[in-house]
Amino acid sequence: MIEINNLSFSFGETLFFNNINVSFHKNKINVILGQNGTGKTTLLKLTANLLKPQQGSINICDMQAFYLPQKTSYISGITLYEYLSSIFFKQKFKWILSRNEKNQINWILYELEIYEKKDILTENLSGGELQKANIALGLLSGANLLLLDEPVSNLDLVNQIKVFNIIEKLKQLSVTTIIILHDLNLAARYGDFFAGIDKYRNIYGSDKENFFTPEILQKIYNISFSIVKNNGEINVQISK
Amino acid sequence: MIRNKRKIFILILFIIFLLALYIAIFAGYNDNGIGMFIKTLNLSDNDSDSIILKLLRYPRALKSIIAGSCLALAGLFMQSVSKNPLAEPYITGVSSGAGLGIVISVLYFNSSNYSLFGFAGALISSLAVICFAGLNRFSITKLILTGLAVNLFAGSLISLFILTNPQKAQSILFILSGGFNSSNIISDKTLFFIFILGIIISCYFIPKLNFMRIDNGILSSFKKEKDIYTLSAIIISAFLTSLSVFAAGILGFIGIIIPQITKMFIGNDYRYLFFANILAGASLVLFSDYLSRVLFYPLQIPLGLVIAITGAPVFVFFLTKKGDIFSSYDRN
Amino acid sequence: MFRFLNKFLFIIIIFTISNTTCLADNPSIISLSPAITEIIYAINAQNDLIAVSTTCDYPQEVKTKAKAGDSYFIDKEKIIRLNPDYIFLNESSKGLMNEFNNTNIKPIYFKSNSINDIYKNILLIGKITNKNFQAESLVNKIKKELIKIEPGDKKQILYLVQTNPMITIGEKSFITDLIAKSGNISVTNNLKSDYPVINPEYAIKLKPDIVIVNFDNTSGNIKQLFPNTQIIFLKKEQTDIINRPGPRIYQAVNFFLQSY
């Protein structure tokens, strides 16, 4: 369990989060939902230890966090394989990759289903492939807690599904993910645990069954929803 | 495939480098190439050809190599950590610091050892800029702006010194445009060892640039490493630039164009760029030095001018041919 | 057409009258060139001199004069306040005086590329300061001194104004003329400009007999570059005498004659 207890955080003088409590589940896909400006990214950055809270504690159980921002730039002039190899040059005394590291890169490429693209230059890759590459970077860095800020917001439907299939696969590799999402149906389909932030920055955290109720969704988004359940699949619709 | 291309490019650069080295040492006005070298082997030390080789050509070639490769490497470091293709090695206030050191040396210490003062000035000013930028949270933008301010400040001081000491104005202006000092305060051997030391330190940090090429947002997860590598890259860059000032005065342009041109061919693998920059930087300065000797022989024109005059058209040519690489900086 | 000529003549007449009236009483002068200052003192016109440059230091009395800048940086406000009739400058300082175009202050530029130029300069200064006689006798004195000098055997002299970068004297420098007058040859006398920056390799290949280096240069590696050659490092006073196209040039010629 990743525990966030009694956390208060302020930007300068203005209080942003006041005494919030939320916990995320290990080896699961945790989804953060909420309107724009409610502090989803701030919560993610606090979890990644990129921002320091004024009060309270964040316990990530000695997991190694990897934060993937919403917008990233890509260096051109290198192949996908080389892009992934970048992360290994973090170590001291590194001039060439070891056999083990090369194998790791190939394995990740294979697992994320982009192996056949490994010799393509980054500038010629699609958005979905690049997003997978970034996730691969996180995995290669040894992180087992991925913090993804809207990882699929720039992708088409097919690529969204592809990326999420990968993220789902990570559960088997005992990787915990916390994802910010805007698409409720996508969230309902892939997420295991949910945290919604309303505009007063109260946090509602619960599992799928208890989260996707019209009442809680109404609190978070301020509009009314209807939930359709179909063979265990949850479909969220906006009520007229 | 791309890796083979890189190796071929570096091989070509190596051949160009050997060619430039040959030209810089054995070619000149009225020279007969390698024959000059063979001739000097049989002659006494006081023959004019042998004096020219030993006292002028060899040291100049060594200093050209040092200046060119140091500047290119320093530019590579600065552009990489700042992720700004316009960052040049002098950006941390090095050039004006060096200039100020040189001017003070020429005016008040009446010394031909001005390059030592230039080296000291460059090192002091860049370290000062790095410290200023480090106060109250370090950032690259702050570094560049502080460097700009220091450059302006010291630049005005230089102008003031020149204006108030007109009898030395011509020589100061000539020295500031870049060129080789014949000083013996630090022997060429020592200079060479310092250079090798700089290269070894760069060797250690160059692969880190392969890590630093990842997006800054992603790198924020590895804040500790990122900060250490950024700072060390800037310090190395300042050191290499100061060394180049010691060798050949202030030479603009190399620190920007050589990293850019090599990137057009090699891409962004900094391990290959390391060799390519050393070779290309050294070749450009060697060749420019040759031109500065023969273009208006027997007159000599400042090396810095020749580099700008030969370098700029080459740079624009490559930009129009292969400039699409810069689109990566605009892409999100 | 006639009217135009008429106007033209009128202007010329006015011009000459104004010039002659100017010449009639003693003009006030600022000299920004040490050599010109020396000439003014030599023809005894120093009372017209109201200010000099900071580099003027000969003869001794000049140090009491007011200072109005040097050959690169001119104290323009001070000059306007002193309001001289003339400013004497080296030809190289042209362009510094653009602001004075519309004032009564008249800049006069002196060219000193040869000994003859120096004679002309002396006579012109004599004319302006109404010391024609003194000027002519100064010229005659210098000429006499120079005739007295018997040219020595032709030595190849490399004259270095500066060692780093290597600045020497070309055909337009009067020093080349001085060396020629002493019967020697400046090895760089074929170079076009007055003070060219040269490639040291060229200097070595010329194989000079004597290398003369101006004051204020450290030796650098000159001794190694010219191993079997006599090298003379000039003192401050010697440098001044040689480098100033003024009344002391015959001493400079003598120096080149006796220096070895």
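Applying 1/(1 + (r/R0)^6) with R0 = 22 Å to the Cβ-Cβ distance of A:W107 and A:D62, what FRET efficiency is obtained, to the nearest 0.05?
Numbers: r = 24 Å, r/R0 = 1.10.
Step by step, r from the Cβ atoms, then E = 0.35.
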Practice prompt. Under a cut-off of 13 Å between alpha-carbon atoms, report the aspartates and glutamates in cross-link reach of C:K67, not counting same-chain residues fewer than 8 places apart.
Written response: C:D57, C:D75, C:E77
Worksheet item: Just counting partner chain Cβ atoms within 10 Å, what average do the residues of peptide A:83-89 show around their Cβ?
Response: 6
Response to the item:
Note: B:55-62 gets an average of partner chain Cβ contacts (10 Å, Cβ to Cβ) equal to 2
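Among residues other than A:V158 whose Cβ falls under 15 Å from its Cβ, what is the net charge (Lys/Arg +1, Asp/Glu -1)? Don't jump to the answer; show the numbers that get you there.
On the way: positive: A:K132, A:K162, A:R189; negative: A:E113, A:E129, A:D156, A:D183.
Value of the local net charge: -1.
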Item to complete: First measure r as the distance between the Cβ atoms of A:N6 and A:N185, then evaluate 1/(1 + (r/R0)^6) with R0 = 35 Å and state the FRET efficiency to the nearest 0.05.
Response: 0.55
Worksheet item: Most fluctuating residue of C:P196, C:P59, C:P107 in a GNM of chain C with Cα springs under 10 Å: which is it?
Response: C:P59
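Using alpha carbons only, what's the Rg to Rh ratio of the range C:133-260 with Rh from Kirkwood?
Working: Rg = 14.6 Å, Rh = 14.9 Å.
That ratio is 0.98, to two decimals.
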Discussion item. Quick check on packing: order C:108-117, B:72-81, B:254-263 by the mean number of other C-beta atoms within 10 Å, highest mean leading.
Written reply: B:72-81, B:254-263, C:108-117
Discussion item. Please report the antiparallel percentage of the DSSP beta bridges confined to chain C, to the nearest 5.
Written reply: 15
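If a helix is a whole DSSP H run, which ones in chain B reach 20 Å or further along their own axis (Cα) and hold a mean Kyte-Doolittle hydropathy of at least 1.6? Provide the component values of the computation, followed by the final result.
Numbers: long enough: B:2-26 (36 Å, 1.93); B:58-82 (36 Å, 0.96); B:94-108 (21 Å, 1.74); B:114-134 (30 Å, 1.80); B:140-164 (36 Å, 1.84); B:188-212 (35 Å, 1.49); B:223-248 (37 Å, 0.84); B:270-294 (35 Å, 0.92); B:303-322 (27 Å, 1.67).
The qualifying helices are B:2-26, B:94-108, B:114-134, B:140-164, B:303-322.
Can you tell me the FRET efficiency between B:K321 and C:S193 if r is taken as the Cβ-Cβ distance and R0 is 51 Å, rounded to the nearest 0.05? Display every interim value, and only then the final one.
Values: r = 39 Å, r/R0 = 0.77.
The pair B:K321/C:S193 has a calculated efficiency of 0.80.
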Worksheet item: Across 10 Å bins from the origin, how do the percents of Cα pairs in the range A:2-238 run, short distances first?
Response: 7, 30, 33, 21, 8, 1
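When N is the residue count of chain C, what does its C-alpha Rg come to as a fraction of 2.2 N^0.38 Å?
Numbers: Rg = 20.8 Å, N = 260, 2.2 N^0.38 = 18.2 Å.
That ratio works out to 1.14.
Which pairs in the list A:K26/A:K240; C:K120/C:K192; B:K63/C:K205; A:K162/B:K224 are over 27 Å apart, alpha-carbon to alpha-carbon?
Values: A:K26/A:K240 37 Å; C:K120/C:K192 22 Å; B:K63/C:K205 23 Å; A:K162/B:K224 33 Å.
Too far apart for the 27 Å limit: A:K26/A:K240; A:K162/B:K224.
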Discussion item. Multiplying the sequence separation of B:I200 and B:L163 by 0.36 nm and subtracting their Cα-Cα distance, what value in nm do you get?
Written reply: 9.2 nm
Response to the item:
Under a Gaussian network model of chain B whose springs join Cα atoms within less than 10 Å, the largest fluctuation of B:G101, B:G198, B:G179 belongs to B:G198
Worksheet entry | Average partner coverage of B:270-283, which counts Cβ from other chains inside 10 Å | 1
Worksheet entry | Inter-label distance for B:D188 and B:F109, nm, one decimal - labels placed 7 Å from Cα along Cα-to-Cβ | 2.3
Item to complete: Run the quick spin-label model on C:E99 and A:I161: label points 7 Å from Cα toward the beta carbon, then report their separation in nm to one decimal.
Response: 7.9
Worksheet, complete the sentence: With label points set 7 Å from each Cα along the Cα-to-Cβ direction at C:I80 and B:A149, the distance between them in nm comes to 3.5
Worksheet item: Using a Gaussian network for chain A with springs between C-alpha atoms less than 10 Å apart, which of these wobbles most: A:K162, A:K90, A:K171?
Response: A:K90
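For chain B, rounded, prolate or oblate, judged on the Cα gyration tensor with a ≥ b ≥ c (square roots of eigenvalues), a/c < 1.5 rounded, else prolate if a/b > b/c? Before the final figure, lay out each step's value.
Values: a/c = 1.92, a/b = 1.25, b/c = 1.54.
Oblate shape, in that a/c is at least 1.5 and b/c is the bigger or equal ratio.
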Item to complete: For A:Q91, put the label point 7 Å out on the Cα→Cβ axis and report which residues of the range A:130-147 keep their amide N under 18 Å from it.
Response: A:137-144
Worksheet item: What value does the range C:58-120 have for Rg/Rh, both radii from Cα atoms and Rh as Kirkwood defines it?
Response: 0.99
Response to the item:
extent check for the protein assembly as shown: Cα max minus min per principal axis, descending, whole Å, gives 124, 72, 58
Worksheet item: Near B:K168, which aspartates and glutamates are there with a Cα under 14 Å away, not counting those fewer than 8 places off in the same chain?
Response: C:D70, C:D216
Discussion item. As a test of the formula, what do you get for chain C when each DSSP H run with n ≥ 4 contributes -39,500 (n - 2.57) and the sum is divided by the residue count, at 222 nm and rounded to the nearest 500 deg cm²/dmol?
Written reply: -12000 deg cm²/dmol
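None of the figures in this text is laboratory data; all of them are computed from the coordinates on show. Nothing here was measured: the structure is a model prediction, and the numbers come from that model. Please note: Cβ atoms are built from the backbone with ideal geometry, for glycine as well, and neighbour counts cover all protein chains shown.
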